[in-house]
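Everything on this sheet refers to the single structure shown next.
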Amino acid sequence: MPSTLINANLDANDANSLRNRYDISKDINLNRLTPHIGAASRRLKQWVGTDAYADALSDTPTDELRQVDLQNAEAALAMHYALPGLNTVITPKGIVKTTKEGGAMGGNIVFSYLTPNEVRQLSELYLNEAEEIARPYLQTDGVPPADLILVEDE
């Protein structure tokens, strides 16, 4: 049985699946993605419960729509966790804000990274998306519903 919904095992297949889903550059080392997939898996399992998560991992789930929704929610959660690290380039001289690289015609291409606030906002968008997708499958607090009875004071 697979270990995460994004793919069968928490390994290069998971990271490549996430990479393909969000068009993440092949230059990004897989080790920069896999820890976040694991964190997303654990959080989603906590949200929906072990049974629903295990069923979604199955090759023959009882609810195929839930399986697809939870795969999408887990992928969005993985991006929520991964974005801060993906937006950070650390050199011996410090954290990079802007870099230049040679272009095809010999010119320089300037890459500017998102600000911490922009990364936080984008990360929150992925979290909100994951919560919205998973909402129909979230566990209740375990308290059974009860009828409301009004009692008048005597």
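The values are calculated or read from the model by the stated rules, or taken from the named source; none is laboratory data. The structure displayed is predicted, hence computed values, not measured ones. With ideal geometry, Cβ positions are generated from the backbone for all residues, glycine too; neighbour counts draw on all protein chains shown.
Hey, any hits in region 97-116 for a residue that's surrounded by 13 or more Cβ atoms within 10 Å (Cβ to Cβ) and modelled with pLDDT of 85 or more? Yes, there is a match, as at least one residue in region 97-116 is surrounded by 13 or more Cβ atoms within 10 Å (Cβ to Cβ) and modelled with pLDDT of 85 or more.
Of all residues in region 27-58, those satisfying the criterion of being part of a loop (DSSP other than H, G, I, E, B) and more than 17 Å from Asp69 (Cβ to Cβ) are Asp27, Ile28, Asn29, Leu33.
Residue-wise test of (1) surrounded by 17 or more Cβ atoms within 10 Å (Cβ to Cβ); (2) in contact with a helix residue (DSSP H, G or I) (Cβ under 8 Å, 6 or more places away or on another chain).
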position: Asp51; (1), (2): no, no
position: Ala56; (1), (2): yes, yes
position: Asp69; (1), (2): yes, yes
position: Leu77; (1), (2): yes, yes
position: Pro84; (1), (2): no, yes
position: Thr88; (1), (2): no, no
position: Gly94; (1), (2): no, no
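Filter region 9-33 down to the residues that are crowded, with 19+ Cβ neighbours inside 10 Å and either among the polar types (S, T, N, Q) or without any contact (Cβ under 8 Å) to a residue 24 or more places away in the chain (or both) and list them by number. Asp14, Ala15, Ser17 - these are the residues of region 9-33 that are crowded, with 19+ Cβ neighbours inside 10 Å and either among the polar types (S, T, N, Q) or without any contact (Cβ under 8 Å) to a residue 24 or more places away in the chain (or both).
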